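Following: one structure in structure tokens, then a few remarks.
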Amino acid sequence: MQTKVTMRNNRQPVLSLIIAAYNVQDEIAATLQSVLTQRRQELEIIIIDDASTDATWAHCRRFAAHENVILHRHTFNRGLSEVRNTGMRMATGEWLAFLDGDDQLTPGAINQMVQTLDSTTDLVVFGFQKIRQGNVIQVFKPTNNLQHIYTGAWNKIYRRQLVRDLLFPPGRFFEDMAFTAIAFLRASHVKVLEAPLVKYCVRDSSITQSSTVVKHVDVMAVLQQLVDYRTDVAQPQDVPAINMLLNKQLFSHMFQVLRYRQVSLKDKVGVLRQLCQAKRRWQTGWQFDDEWRRQCKDVLIWLAGCALVLCWSAKGGE
């Protein structure tokens, strides 16, 4: 189901904001208010409900009369990747940005977004606030350094032409990683906007906060896109940075798996083995960080994880 309204003065929008919503009936109204209270005529707002089973769609429909709003609903649940892919196909703006249905824009964010766009820039990276139970627990400072980028899709603005043939991998956790890294590598000029423009609201029930250890297997399939880009497209001078980013992501997931408390050792080792195999297969080297203390710590923890796998196998574990 889709409801489309005509842009004011029939002008092509500068920015298309794609809002993904699934079972966020308690948060979606605040999310949409944070956008619509500061809207501009250059903005196209695409709200996609992924077949929510609660009142999310009813809340979304209340905003259908607002100018420059497009509503769309999937007939069955397809996952966040497909929501974003659908939004990109529907978008008509020169630029794209993403927002999750339980997050919010900060006051004045739209103005800052539009004002920072220019003809020489392909990608804009901006800051965000991490919120838990209404309190700011972290303020993220953006960077244009590939090794240290935040791989979430929603703290960036993309020139639509830059990502015209990129898709988020359907049915995967951590779907942003390769998409954002490849967009970064393609961009001829990346602009950094330090202001926090998004309130990233952490919910214990959200997809990325799920404690299921098996979800970390998905990171290998997602990062394979970046490995393929490194092999087939990347410039030689970009390969060390790509390898470090791959190492950082593999390490991050190994560290998370090791920290799980209510997960059996067998399940942990199963995921750790796949992470170790991926690193060896991808030949990413041993540069995890460009700061020597973190580099030493990360290498030691990585080796400990690999040692755990070897010990388990030596004792006859599956």
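One table, with the values for the structure above:
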quantity	calculated
Flag for Ala65 being open to solvent by 10 Å² or more (accessible area, probe 1.4 Å), small (Gly, Ala, Ser) and within 19 Å of Phe168 (Cβ to Cβ)	no
Residue check for Asp298: part of a helix (DSSP H, G or I), charged (D, E, K, R) and surrounded by 14 or more Cβ atoms within 10 Å (Cβ to Cβ)	yes
Scan of region 118-144 for residues that are surrounded by 13 or more Cβ atoms within 10 Å (Cβ to Cβ) and either within 13 Å of Ala181 (Cα to Cα) or aliphatic (A, V, I, L, M) (or both), ordered by number	Leu123, Val124, Val125, Ile131, Thr143, Asn144
Residue within region 267-284 that is modelled with pLDDT of 90 or more, of a type outside the set (D, E, K, R), assigned to a loop (DSSP other than H, G, I, E, B) and open to solvent by 70 Å² or more (accessible area, probe 1.4 Å) present	yes
Residue match in region 213-231 (condition: open to solvent by less than 60 Å² (accessible area, probe 1.4 Å) and modelled with pLDDT under 90)	yes
Members of region 18-34 that are over 14 Å from Phe98 (Cβ atoms), hydrophobic (A, V, I, L, M, F, W, C), in contact with a strand residue (DSSP E or B) (Cβ under 9 Å, 6 or more places away or on another chain) and open to solvent by 10 Å² or more (accessible area, probe 1.4 Å)	Ala30
The listed residue being among the hydrophobic types (A, V, I, L, M, F, W, C), farther than 17 Å from Val217 by Cα and either open to solvent by 50 Å² or more (accessible area, probe 1.4 Å) or part of a loop (DSSP other than H, G, I, E, B) (or both), out of Leu245, Leu303	Leu303
Identity of the residue in region 112-134, assigned to a helix (DSSP H, G or I) and touching a strand residue (DSSP E or B) at 6+ places or on another chain (Cβ under 8 Å), that ends up farthest from Leu17 (Cα to Cα)	Thr116
Complete set of residues in region 41-62 that are touching a residue at least 60 places away in the same chain (Cβ under 8 Å) and either among the acidic types (Asp, Glu) or surrounded by fewer than 16 Cβ atoms within 10 Å (Cβ to Cβ) (or both)	Glu42
Residues of region 76-96 classified as in contact (Cβ under 8 Å) with a residue 60 or more places away in the chain, open to solvent by 10 Å² or more (accessible area, probe 1.4 Å) and not hydrophobic (A, V, I, L, M, F, W, C), total	5
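Here is a yes/no grid of residues against (1) in a helix (DSSP H, G or I); (2) over 26 Å from Thr86 (Cβ atoms):
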{"site": "Trp154", "(1), (2)": "yes, no"}
{"site": "Tyr200", "(1), (2)": "no, no"}
{"site": "Gln225", "(1), (2)": "yes, no"}
{"site": "Asp238", "(1), (2)": "yes, yes"}
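The values are calculated or read from the model by the stated rules, or taken from the named source; none is laboratory data. A quick note: this is a predicted structure, and the numbers were derived from the prediction, not measured. Counting neighbours? That spans all protein chains shown, and the Cβs are built from the backbone with ideal geometry, glycine included. Note: accessible area is taken over every heavy atom of the protein model, side chains too, but ligands, DNA and RNA are not part of it. Shrake-Rupley method; radii C 1.70, N 1.55, O 1.52, S 1.80 Å.
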